[in-house]
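A.B. asks: I'd like to ask some things about the structure below.
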Amino acid sequence: MIGRRRLPEERPGVAPVGYKVAGLLLSVDGDRAAFAGVSIGRSRAYGVDAEAHCAYGRRHAPPAPRCDCGFYSLADRAEARALMCATEYRHAALLRVDVLGRYIRYERGFRSGRQRVTSVWVGACRCGNPAELLVDAGTGVVGRRGLVGSCTGCAVGRVGLSFGSYARLAGVPVAADASPYVPRGEDDLVPQLVAEVTLLQARLDRCQEQLGRLLGADPE
Ligand SMILES: [Zn+2]
Ligand SMILES: [Zn+2]
């Protein structure tokens, strides 16, 4: 008799950690935070602690082997973060999750029946600057509005929600994703530019002073 082939089972003492991109949601009353899937579970909101339901309404518990439902996450943070460069995920947030319940491990990550969000990194503002607060994304699902990160400059005149407020509602830490425009190993690029601008400003001041003297405008 030929037995059914089974994949090796894992029973880890500590939940595996996964990373994924998601939309940020705020309930209609502004009192609850939630997340939105970006692919097959796009229209479904989930909380910090969530159990997956079959995205096709089938009567099985995800992750069913012959279906593709369940919570997806990648094992590598850099790989999940790289997704945020794709046009459709440009304004998504990066989540770190504990992979819980039954899960199927694949080459790059996991598909699980449960997950717990443990950290949120907000994607860059539309202008490219790191996000400093959350504003209305102009998207949403029934009962929940979508939020995106914005810098304070671009948020002028708009209603915004601080990372701290969202973190309190969600119960997990919320921070901005690091600026993508500072090349690795060149963290001192901005201070260098500031120093150069200061030097140019000093030269300009001296020129104006000399010009003023030549024109006899100087009171001396
Ligand atoms: Zn399914
Ligand atoms: Zn901006």
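The values are calculated or read from the model by the stated rules, or taken from the named source; none is laboratory data. Note that the structure is a prediction, hence the values are computed from the model and not measured. Positions of Cβ are backbone-derived with ideal geometry, glycine not excepted, and every protein chain shown enters the neighbour counts.
A.B. asks: Determine which member of the set D98, D49, D29, D68 is in the same structural domain as G171 (by TED's automatic domain parsing), free of Cβ contacts under 8 Å to residues at least 60 places away in the same chain and closer than 24 Å to A167 by Cα.
C.D. replies: Numbers: D98 fails: free of Cβ contacts under 8 Å to residues at least 60 places away in the same chain; D49 fails: free of Cβ contacts under 8 Å to residues at least 60 places away in the same chain; D68 fails: closer than 24 Å to A167 by Cα.
Only one candidate qualifies: D29.
A.B. asks: OK, next. Filter the stretch 102-131 for residues that are outside any strand (DSSP E or B), more than 13 Å from the chain's Cα centre (by Cα) and not basic (K, R); which is nearest to ligand 1 (Cβ to nearest atom)?
C.D. replies: E107
A.B. asks: Next question, about the same structure. Just to be sure I understand, how many residues within the stretch 10-50 are surrounded by 12 or more Cβ atoms within 10 Å (Cβ to Cβ), assigned to a loop (DSSP other than H, G, I, E, B) and within 16 Å of ligand 1 (Cβ to nearest atom)?
C.D. replies: 5
A.B. asks: With respect to H53, determine if the residue is on the phi < 0 side of the Ramachandran plot, surrounded by 13 or more Cβ atoms within 10 Å (Cβ to Cβ) and within 16 Å of ligand 2 (Cβ to nearest atom). Spell out how you get there, then give the answer.
C.D. replies: Details: on the phi < 0 side of the Ramachandran plot: yes; surrounded by 13 or more Cβ atoms within 10 Å (Cβ to Cβ): yes; within 16 Å of ligand 2 (Cβ to nearest atom): no.
No; evaluated as a whole, the condition is false for this residue.
A.B. asks: If you check every pair at least six apart or on different chains, which have Cβ atoms under 9 Å apart with a residue in the stretch 134-145 that is closer than 21 Å to V174 by Cα and in contact (Cβ under 8 Å) with a residue 40 or more places away in the chain first and a residue that is assigned to a strand (DSSP E or B) and of a type in the set (V, I, T) second?
C.D. replies: Final answer for the pair search is L134/V122; L134/V148; L134/V174; A137/V148; T139/V148; R145/T139.
A.B. asks: Report yes if some residue within the stretch 77-90 is buried (at least 16 other Cβ atoms within 10 Å of the Cβ) and part of a loop (DSSP other than H, G, I, E, B); otherwise report no.
C.D. replies: Looking through the stretch 77-90, at least one residue is buried (at least 16 other Cβ atoms within 10 Å of the Cβ) and part of a loop (DSSP other than H, G, I, E, B).
A.B. asks: Checking the condition within 22 Å of G171 (Cα to Cα) and within 16 Å of ligand 2 (Cβ to nearest atom), which residue from G113, G128, G123, G101 passes?
C.D. replies: On the way: G113 fails: within 16 Å of ligand 2 (Cβ to nearest atom); G128 fails: within 22 Å of G171 (Cα to Cα); G101 fails: within 16 Å of ligand 2 (Cβ to nearest atom).
Going through G113, G128, G123, G101 in turn, the sole match is G123.
A.B. asks: Follow-up question, since we're still on this one. Would you check which residues across the stretch 73-113 are within 15 Å of A36 (Cα to Cα) and modelled with pLDDT of 95 or more and list them?
C.D. replies: S73, A93, L94, L95, R96, V97, listed by residue number.
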